[in-house]
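The values are calculated or read from the model by the stated rules, or taken from the named source; none is laboratory data. Since we're looking at a predicted model, the values are computed, not measured. In this analysis, Cβ positions are derived from the backbone assuming ideal geometry, glycine residues included, and neighbour counts consider all displayed protein chains. Accessible surface is based on the protein model in full, side chains and every heavy atom, while ligands, DNA and RNA are left aside. Shrake-Rupley method; radii C 1.70, N 1.55, O 1.52, S 1.80 Å.
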Amino acid sequence: MIDIYDLANNRWKLQGACRGLDADIFFPDRGASTRLAKTVCRRCEVQEECLEYAVNNREKFGIWGGLSERERRAIRKKRAIVINSHRSA
């Protein structure tokens, strides 16, 4: 797990397009639109780093790297299948 306070590993956070925006955009109420957050993420130069951070740290809430928790969970599941298939080979 990545230490969120380790600036050397998390310098990307200082470059995020979301920096300085209202956090409510990225943590909408259940059922609310995520369109604005995902639009911000699509134009962000550190979108990949953000997504990897969220997947690796199992972020359960919000839009990270342009994906919702459900979408990130699907990535983790897919990666687990790949890892397990390599282990059994």
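A few comments on the model shown:
- Options VAL46, VAL40; residue that is farther than 24 Å from ARG79 by Cβ and of a type in the set (A, V, I, L, M): VAL40
- The residue that is nearest to LEU14 (Cα to Cα), among those in the stretch 42-53 that are in contact with a strand residue (DSSP E or B) (Cβ under 8 Å, 6 or more places away or on another chain) and modelled with pLDDT of 95 or more, is CYS50.
- Enumeration of residues in the stretch 64-76 that are of a type outside the set (Phe, Trp, Tyr) and either modelled with pLDDT under 90 or surrounded by 10 or more Cβ atoms within 10 Å (Cβ to Cβ) (or both): GLY65, GLY66, LEU67, SER68, GLU69, GLU71, ARG72, ARG73, ALA74, ILE75, ARG76
- Search result, residues across the stretch 11-49 that are part of a helix (DSSP H, G or I), of a type in the set (A, V, I, L, M, F, W, C) and open to solvent by 80 Å² or more (accessible area, probe 1.4 Å): LEU14, LEU36
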